[in-house]
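Please read the structure below before turning to the comments.
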Amino acid sequence: MPSNEEIIRELYAASEGRGLDAEKFVSMFSDQGYMWDMASGMKFRGQAIGGCIAGFASAFPDVHRELLSIYVAKNVVVVELATRGTHKGELPLASGTLAPTGKTIDVPSCDVFHLENGKVISFHCYNEASVMQQQLGVGLG
């Protein structure tokens, strides 16, 4: 069985814009597993997890997550990362849908995963949505 770090690295690889495999991404979660986007407060389960990842890749088709540091403590994996990409597709926001801007993002994030029996049971995504919005020119005067 792969280590928890290897499982999480594989999960990230499945979410890359150029190699997106939403089905594989979802399959790496337990039946009760969930993804919680802390910035929006939205929690996703089942196929909605894949929809969330695919939607982001649709807005940023070249999305890449650079894994800066990975910390493992038994069944918990914490990842510091930078999410980078070019805004080339529609991006749903709380304020409405943002048309493609062609601008690039470099968003600092921290993800916390809990695993059980080789499957993700929880994924808490702490991303700096305000940094992304600023980089895209949203909400600026």
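The values are calculated or read from the model by the stated rules, or taken from the named source; none is laboratory data. All values reported here derive from a predicted model rather than from experimental measurement. We place every Cβ from the backbone using ideal geometry, glycine too, and count neighbours over all the protein chains shown. Areas reflect the complete protein model, heavy atoms only, side chains present, ligands, DNA and RNA absent. Shrake-Rupley method; radii C 1.70, N 1.55, O 1.52, S 1.80 Å.
Some notes on this structure:
- Where a residue in the stretch 97-119 is touching a residue at least 60 places away in the same chain (Cβ under 8 Å) and its partner, wherever it lies, is outside any strand (DSSP E or B), with Cβ under 6 Å and at least six apart: Phe113/Ile8; Leu115/Asn4; Leu115/Asn75; Gly118/Met1
- Residue match in the stretch 47-56 (condition: in contact with a helix residue (DSSP H, G or I) (Cβ under 8 Å, 6 or more places away or on another chain), assigned to a strand (DSSP E or B) and open to solvent by less than 20 Å² (accessible area, probe 1.4 Å)): no
- Residues of the stretch 1-15 satisfying the condition of being surrounded by 16 or more Cβ atoms within 10 Å (Cβ to Cβ) and either at pLDDT below 95 or small (Gly, Ala, Ser) (or both): Ala14, Ser15
- Leading residue by the ranking (nearest to Ala54 (Cα to Cα)) among those in the stretch 84-100 that are open to solvent by 50 Å² or more (accessible area, probe 1.4 Å) and of a type in the set (S, T, N, Q): Thr97
- Residue in the stretch 25-38 that is in a helix (DSSP H, G or I) and surrounded by 16 or more Cβ atoms within 10 Å (Cβ to Cβ) present: yes
- Residues that are within 20 Å of Ala57 (Cα to Cα), part of a strand (DSSP E or B) and of a type in the set (A, V, I, L, M), drawn from the stretch 70-116: Val79, Leu81, Ala82, Leu91, Leu93, Leu98, Ile105, Val107
- Output for the stretch 57-83, where each listed residue is of a type in the set (Phe, Trp, Tyr) and surrounded by 15 or more Cβ atoms within 10 Å (Cβ to Cβ): Phe60
- Subset of the stretch 111-134 [open to solvent by 40 Å² or more (accessible area, probe 1.4 Å) and modelled with pLDDT of 95 or more]: His114, Glu116, Asn117, Lys119, Ile121, Tyr126
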